[in-house]
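Taking it in order: structure first as structure tokens, then the write-up.
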Amino acid sequence: MVSRPVNGRDFGSGRGRAKRRSSAWIRTAMAILAGAIAVDQLTPQIAPTPVRIALCLVLAVIGALLAIEAYRRWSLQERAMRNQQELPHAWLLVAMTVVVSAAGAVVAALILLVR
């Protein structure tokens with residue numbers, strides 16, 4: 001597969017882009033997992049224990065699902081490129097954005113309530 005320059009810039013082959021996207025999804029999953037650990041370990045006074053645990057579990061599950069989805073999407077993209085089909089849409093990205101935004105709002109509210 002030959003890559004086409006975009007605005008005079010060449011972004012590499014399709015397979016290279018798919019691998020870079022996959023590794024970006026993995027890095028995001030690791031960051032969300034690190035956020036779950038940080039909420040649990042670094043903010044014991046921010047909220048009652050059950051609230052903190054629930055928030056950590058939600059973030060950890062999202063991080064784990066995102067890591068699984070990264071491999072699944074990479075596999076689907078490789079197959080689509082091999083068969084010269086349209087690349088699949090990232091529906092999980094929308095759901096993940098909503099959940100992570102909600103978790104961020106909860107943490108912000110807890111910080112404001114503690115002060």
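In the stretch 36-53, the residues that are surrounded by 15 or more Cβ atoms within 10 Å (Cβ to Cβ) and at pLDDT 85 or above reach residues that are in a helix (DSSP H, G or I) and among the acidic types (Asp, Glu) with C-beta atoms within less than 7 angstrom, at least six apart or across chains, in these pairs: Arg52/Asp40.
Condition check for Gln77 on (1) modelled with pLDDT under 85; (2) in contact with a Phe, Trp or Tyr (Cβ under 9 Å, 6 or more places away or on another chain); (3) not hydrophobic (A, V, I, L, M, F, W, C): one failure, at (2).
Of the numbered criteria (1) in a helix (DSSP H, G or I); (2) farther than 26 Å from Ala90 by Cβ, the one Ile37 fails is (2).
Selection of the stretch 88-115 for residues being under 29 Å from Gln45 (Cβ atoms), of a type outside the set (Val, Ile, Thr) and surrounded by fewer than 15 Cβ atoms within 10 Å (Cβ to Cβ) yields Ser101, Ala102, Gly104, Ala105, Ala108, Ala109, Leu112, Leu113, Arg115. Scanning the stretch 75-87 finds one or more residues that are assigned to a helix (DSSP H, G or I) and either buried (at least 18 other Cβ atoms within 10 Å of the Cβ) or among the β-branched types (Val, Ile, Thr) (or both).
The values are calculated or read from the model by the stated rules, or taken from the named source; none is laboratory data. What you see is a predicted model, and the numbers here were worked out from it, not measured in a lab. Counting neighbours? That spans all protein chains shown, and the Cβs are built from the backbone with ideal geometry, glycine included.
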